Each structure stands twice: as structure tokens, then as C-alpha cells.
Amino acid sequence: MRPLKTLERVLSKAGLGSRTEARGWIAGGRVRVNGRTVRTPDFWVDFSRDRVTLDGKPVKPGKKLYLLLYKPAGYLTTYQDPQGRPTIYRLIEDLGAWVAPAGRLDLDTSGLLILTSDTQFAERLTNPLHKVPKTYLVKTSTLLGEEQLEQLRRGVTLKDGPTRPAVVNRLRDSQKYSYLEITITEGRNRQVRRMIEAVDSKVLKLVRTAIGPVRIGELRIGRYRHLAASEVEALVAAQT
């Protein structure tokens, strides 16, 4: 069976840009396949046999990239925002290649975000069937008692169903707040925030510190680094 991919995906996987950008290049007549201009983004291409060019330059398979970004709060995990709010792509403008986030962090959440050009790796990392653990530091709006922590550990019921049991450690309490470390093996929308609300409190601050065995460590907020080969291998091993 020939390994066919759509033309827009070929351009994106080569690390040249997003699929949205690729569709614009194709519609603009800048892309040729075997010397013929193609304006259809879902045109099927066998990258091992067909010659694809962008502005007359050959398109070659891109090197697989794996990045760890320390996302600040206030940045969207998306390429563009109609409202003009900052996105994570402002933080990697000097990369010179296209990568996509493996999962998301909401606008108000900071912490570890993995970006990659390896779509299969990203899909396995984010698929809840593989149960890759994700660890967060949480500041709650009230002091939480042991019974509330036990509820989180057993699993709480949300609108989209019961959660899996979580690993919950109390780090410390102040006069008003509890500071927790929570590890979950799901990736529902705003899940940790909703879990805390289910035990009658709210999240004041949320930072993701680890995905599987990979941790932020000393990386400064707003910066990124390439994952070591050993870290990529460890993440693959964590995908049960």
C-alpha cells in the first residue's frame, strides 16, 4: 500500500508551517507536485515518490522535533487568536520549524507543555487510553480537609462522568489556602479546576510541573528547550 498523505499535511509535516498556512500556499498557486501546480489541499501525495516544491524549492521530510515549553499564564495554546491575545507561538518564533502542542493548557494555567512535529507521538501522549500521568501544583481558595483530599483520591463525579482516582499530596497549608500536588491520568477540559470545585473549593493558581517522567526542572517561565532523546524514550514508555 502506498503511503499517501494530503498535500497540506505533507507541507505541515515537513515543518514548514501549520496546515492552515499550507492551505493558503496551495490556494495561492505556490505549490507544485511533479512540476504541476496543485490548488487542492486534500490532493493525495506519495512523499516517497512525488516531487513537491514550494516557491520552486523542494519540500523535504522534516526532522522530528520534541520541545518542552514553560507556558506562562495568559497565553493561549493555539496558533492564532481572533481577539489578538498572545499565543504560545510567540514564545517559539526563533525555532524556524513547525511544531504543534501535544495537549493543551487553558489560558489561566501555566507550566509544562510539550510541542512536537511527530503527530503519532502527540496522539499517543494525549490519548486518555494510554493513561500518561500529568502532575500539577494547585493553590486552592480555601483550606481543604482530609476528607476532601480523600474524595479527590477516590475520584469525584463531574458533569462528564466520574474521574479516575488521583494521587493527591498536601504540600502545606497557610491560614487561608491549601497547596497540593495532584497527579491525574486523564486530560479532560479544565479537569483539575473542576475536581477542586467538586469538593467545594476553587483553584487560585495551577501549574503543570510534569508529564510522565518529564519535569520542568530549572527551565525559566516563557522559555523552551529540546527534549533529550532519553526523555522522549521515557515518554514513549509511559504510554501504556
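Just a yes or no: is a residue in region 34-44 within 15 Å of LYS60 (Cβ to Cβ) and either among the basic types (Lys, Arg) or not assigned by TED's automatic domain parsing to the domain that holds GLU93 (or both)? Talk me through it step by step, then tell me what you get.
Restricting attention to region 34-44, the residues satisfying the condition of being within 15 Å of LYS60 (Cβ to Cβ) are none.
Looking for residues that are within 15 Å of LYS60 (Cβ to Cβ) and either among the basic types (Lys, Arg) or not assigned by TED's automatic domain parsing to the domain that holds GLU93 (or both), one finds none in region 34-44, hence no.
Checking ILE221 against (1) modelled with pLDDT under 95; (2) surrounded by 13 or more Cβ atoms within 10 Å (Cβ to Cβ); (3) in the same structural domain as GLY74 (by TED's automatic domain parsing), which test does it fail?
That leaves (1) as the condition not met.
List every residue pair whose Cβ atoms sit under 9 Å apart, with the two residues 6 or more apart in sequence or on different chains, where the first one lies in region 163-177 and is closer than 10 Å to THR140 by Cβ and the second, anywhere, is in a strand (DSSP E or B) and charged (D, E, K, R).
Within 9 Å, the pairs are TYR177/LYS139.
Checking the condition in contact with a Pro (Cβ under 6 Å, 6 or more places away or on another chain), among the small types (Gly, Ala, Ser) and not assigned by TED's automatic domain parsing to the domain that holds ALA100, which residue from GLY155, GLY145 passes? Write out each step before concluding.
On the way: GLY145 fails: in contact with a Pro (Cβ under 6 Å, 6 or more places away or on another chain).
Answer to the selection: GLY155.
Quick check on my filter: what residues within region 183-233 are among the hydrophobic types (A, V, I, L, M, F, W, C) and without any contact (Cβ under 8 Å) to a residue 60 or more places away in the chain?
Initial filter on region 183-233 (among the hydrophobic types (A, V, I, L, M, F, W, C)): 184, 192, 195-196, 198-199, 203-204, 206-207, 210-211, 214, 216, 219, 221, 227-229, 232.
If the condition is that a residue be among the hydrophobic types (A, V, I, L, M, F, W, C) and without any contact (Cβ under 8 Å) to a residue 60 or more places away in the chain, then ILE184, VAL192, MET195, ILE196, ALA198, VAL199, ALA228, ALA229 are the ones that fit.
Can you name the helices (runs of 4 or more DSSP H) wholly within region 93-199 that have at least 1 residues being at pLDDT 95 or above and exposed (fewer than 13 other Cβ atoms within 10 Å of the Cβ)?
Result: 146-154.
Checking TYR70 against (1) free of Cβ contacts under 8 Å to residues at least 60 places away in the same chain; (2) within 30 Å of the chain's Cα centre (by Cα), which single condition isn't satisfied?
Here TYR70 meets the rest and fails (1).
State which residue is surrounded by the fewest Cβ atoms within 10 Å (Cβ to Cβ) when the search covers only region 34-72 and only residues that are among the hydrophobic types (A, V, I, L, M, F, W, C) and more than 23 Å from LEU227 (Cβ to Cβ).
Keep residues of region 34-72 that are among the hydrophobic types (A, V, I, L, M, F, W, C), which gives 38, 43-45, 47, 52, 54, 59, 65, 67-69.
From what's left, more than 23 Å from LEU227 (Cβ to Cβ): 38, 43-45, 47, 52, 54, 59.
Working: VAL38: 15, PHE43: 16, TRP44: 13, VAL45: 24, PHE47: 18, VAL52: 19, LEU54: 17, VAL59: 22.
Filtering first and then ranking leaves TRP44.
The values are calculated or read from the model by the stated rules, or taken from the named source; none is laboratory data. Since the structure is predicted, the reported quantities are computational estimates derived from the model, not experimental observations. Neighbour counts run over all protein chains shown; Cβ positions are idealised from the backbone, glycine included.
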